[in-house]
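Please read the structure below before turning to the comments.
Every number here is computed from the coordinates shown, using simple stated rules; none is lab data. Because the structure is a prediction, the values reported are computed rather than measured. Cβ coordinates were reconstructed from backbone atoms using ideal geometry, including for glycine residues, and neighbour counts include every protein chain displayed.
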Amino acid sequence: MLRTRIVGTGQYLPPRILTNADLEKLTDTTDEWIQQRTGIKQRHVADPGVGSSDLGAEAAKRALANAGISPDQVELIICSTMTSDYLFPSAACLIQDKIGAKRAAAYDLNAACSGFVYAVTMADALIRSGVHKTILVVGADIMTNRLSWEKRDTAVLFGDGAGAAVLQGEEGERGVLSTYLGADGASYDLLYLPAGGSKHVICCENIDNLDLGIVMSGRELFKKAVAAFCDAAENVLRATGMTIDDVDLFVPHQANTRIIFSVAERLGLPREKIFVNIDRTANTVAATIPIALDDAVQQGRLKAGDRVLLVAFGAGLTWGSVMMRW
Ligand SMILES: CC(C)(COP(=O)(O)OP(=O)(O)OC[C@H]1O[C@@H](n2cnc3c(N)ncnc32)[C@H](O)[C@@H]1OP(=O)(O)O)[C@@H](O)C(=O)NCCC(=O)NCCS
């Protein structure tokens, strides 16, 4: 049976680090509050003039090198991002050029923090149906230049970064076993950026009337996130005939350790099976899961045959899960 397997991962975090202590100087917050409420200790920040495709291309080069695949073998690049360099063209096209993947088609997919899970689901369908053999999935986002530092609710949560995975078809038991996606557009306004899209264009005439910051209802999102994470996890477990005890490593979207541990408690997952790296990266949107997978590989926490559960939730609202055998 043909399955879609991740054959290489890579990540890139911009070198500049903003610690919680640095944030104390920018907004009314404390290191203690941030760590207790979110688990975050620091975040990486891209320099002005750097685009999400710059981070994504570096992560992609590392994933290809780790997979032992040359750029001209890549047939499709899907970049999950909600902060593309330009409104158009896509970051995926810019990445295609930067890594020299001349034969690859390329497009962006915006499912916010669920983007990587959505993109892996698309790639899995395209590989198993025989449309493509080798697909590069990138998650890349730069959020720090969208934050208003004085809005402390959102200022403390996000960081910049990119992760990438190379996916190929392979006969056997290893690879993607099941995927599940969900969305709830009625709740779009729990987390959104009102200005800069087609509805409220930023231009000289209206700049004084626009709210340029991110709008977020933190508490409401928290509750929705826990419910959606559990729903997504339970759906792929059911589809694969597994129970939570069969999961070797749980790699959740890194939005908040309290969300992650509430979900784990509800699902009955012990802490040693949960991968958490939010302390050093904060929430890097579509990049959190591929960065976490790459960290897990580097730390030797993933071995061939392990059952890995990916679960994500984000603006949209969107959510989803992937069960795979590593
Ligand atoms: C944002 C979030 C961390 C806030 O944590 P919380 O425990 O819900 O905190 P609350 O909003 O209830 O606020 C508690 C208090 O802390 C204060 N506070 C909020 N942000 C603060 C900050 N950065 N620093 C210090 N104090 C802060 C509030 O003003 C409030 O004070 P009050 O009790 O005097 O009114 C949390 O709701 C969350 O993580 N939500 C999900 C957000 C998310 O993940 N978004 C991305 C989705 S992919």
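Taking every DSSP bridge with both residues inside the chain, close to 70 percent are antiparallel.
Shape summary of the chain, radius of gyration then Dmax from alpha carbon positions: 18.7, 60 Å. Amide hydrogen proximity for Leu177: with H placed 1.01 Å from N in the peptide plane, the residues at 5 or more positions away or on another chain lying under 5 Å are Met323, Met324, Arg325. Each label was represented as a point 7 Å from its Cα along the Cα-to-Cβ direction; for His200 and Lys303 these points are 5.3 nm apart. For the pair Ala183 and Arg271, label points projected 7 Å from Cα toward Cβ lie 3.7 nm apart. Distance between the C-alpha centres of the stretch 1-28 and the stretch 248-262: 15 Å, rounded to the whole angstrom.
Normalising the average separation of contacting C-alpha pairs (under 8 angstrom, six or more residues apart) by the number of residues puts the relative contact order of the chain at 26 percent. Taking the stretch 2-172 as the region of interest, the number of lysine pairs whose Cα atoms are within less than 23 Å, with members eight or more places apart or on different chains, is 8.
Summing +1 for each Lys or Arg and -1 for each Asp or Glu among the other residues whose beta-carbon sits under 10 angstrom from that of Leu26 gives -2. For the stretch 221-326, the list of trypsin sites (Lys or Arg not before Pro) that fall in a loop by DSSP and count at most 10 other C-beta atoms within 10 angstrom reads Lys303. Helices in the chain, meaning DSSP H runs of at least 4 residues, each add -39500 (n - 2.57). Divided by all residues, the mean residue ellipticity at 222 nm is -9500 deg cm²/dmol. Of all beta bridges that DSSP places with both ends in the stretch 177-325, some 75 percent have antiparallel geometry. Dividing the mean sequence gap of close Cα pairs (under 8 Å, 6+ apart) by how many residues the stretch 177-325 holds gives a relative contact order of 36 percent. What the Cβ-Cβ distance of Asp245 and Lys223 gives, at R0 = 30 Å and to the nearest 0.05, is a FRET efficiency of 0.70.
The stretch 163-182 and the stretch 263-326 have Cα centres spaced 14 Å apart.
In units of the rule-of-thumb radius 2.2 N^0.38 Å, the stretch 1-130 shows an alpha carbon radius of gyration of 1.25. Estimated from the Cβ-Cβ distance and a Förster radius of 25 angstrom, the FRET efficiency linking Asp211 and Phe261 is about 0.15. Counting only Cα atoms, the size of the stretch 177-325 along its three principal axes is 58, 31, 25 Å, in decreasing order. Only aspartates and glutamates eight or more places from Lys224 in sequence, or on another chain, were considered; those with a Cα closer than 14 Å are Asp184, Asp189.
Here the stretch 132-147 and the stretch 93-122 have alpha carbon centers that stand 7 Å from each other.
If the label point is 7 Å along Cα→Cβ of Leu2, which residues in the stretch 103-136 have backbone nitrogen under 11 Å from it? Residues passing the 11 Å test: 125-134. Running Debye on the stretch 69-202 with equal point scatterers at the Cα sites and no solvent, what base-10 log of I(q)/I(0) appears at q = 0.14 Å⁻¹? Computed log10 I(q)/I(0) values: -0.73.
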